[in-house]
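All remarks here apply to the structure that follows.
The values are calculated or read from the model by the stated rules, or taken from the named source; none is laboratory data. Please read all numbers here as calculations on a predicted model, not as lab measurements. For neighbour counting, all protein chains shown are included, and Cβ atoms are generated from backbone atoms with ideal geometry for every residue, glycine included.
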Amino acid sequence: MPIYGYSKRVANEHGLHEMSEVTFHVPAKDLRRIAMFLVHCADHAESGNPRWSHFHLRQLDRQWNQDHPDSDVIVSNPAPDPSARVD
């Protein structure tokens with residue numbers, strides 16, 4: 001799954017880039033998988049449980065890694081509990 005974007009700046013020492021836009025070049029079935037993942041993350045964030053720092057699409061959709069081994073979608077919690085540990 002190609003993912004394209006325009007970088008605004010390098011966000012940290014690990015080379016992570018802040019993006020001004022992101023483009024997913026995927027068929028409709030994979031776009032629906034991404035959408036379901038995003039809804040899951042929003043539901044989790046609204047549940048009041050702050051003990052997560054981020055989720056990977058491939059964590060919740062195990063088939064994703066086989067279908068798209070070079071791509072992942074990650075949602076980061078903007079205010080995680082500092083004592084939370086995510087494996």
Taking the range 1-19 and keeping only residues that are surrounded by 10 or more Cβ atoms within 10 Å (Cβ to Cβ), without any contact (Cβ under 8 Å) to a residue 12 or more places away in the chain and either among the small types (G, A, S) or part of a helix (DSSP H, G or I) (or both), one is left with A11
Considering only residues of the range 74-83 that are at pLDDT below 90 and within 21 Å of A35 (Cβ to Cβ), which is surrounded by the fewest Cβ atoms within 10 Å (Cβ to Cβ)?
P78
Between a residue in the range 45-73 that is in contact (Cβ under 8 Å) with a residue 24 or more places away in the chain and farther than 18 Å from R32 by Cβ and any residue that is of a type in the set (S, T, N, Q) and not in a helix (DSSP H, G or I), which pairs come within a Cβ distance under 6 Å, given they are 6 or more apart or on different chains?
W52/N77; S53/N77; H54/S76
Just to confirm my filter: which helices (runs of 4 or more DSSP H) fall fully inside the range 20-83 and include at least 3 residues that are within 28 Å of R9 (Cα to Cα)?
28-46, 57-60
H44 versus (1) loosely packed, with under 11 Cβ neighbours inside 10 Å; (2) out of contact with any Phe, Trp or Tyr (no Cβ under 6 Å at 6 or more places or on another chain); (3) not aromatic (F, W, Y): which is the lone unmet condition?
(1)
Counting only residues that are touching a Pro at 6+ places or on another chain (Cβ under 8 Å) and not charged (D, E, K, R), which one in the range 28-53 is farthest from I3 (Cα to Cα)?
P50
For residues that are of a type in the set (S, T, Y) and farther than 16 Å from D72 by Cβ, tally how many sit in the range 1-35.
3
Scope the range 11-45; condition of a type outside the set (K, R), at pLDDT 85 or above and more than 15 Å from the chain's Cα centre (by Cα); matching residues
S20, H25, V26, P27, A28
Here are the criteria: (1) within 16 Å of I3 (Cα to Cα); (2) in contact with a helix residue (DSSP H, G or I) (Cβ under 9 Å, 6 or more places away or on another chain). Tell me which single one E18 does not satisfy.
(2)
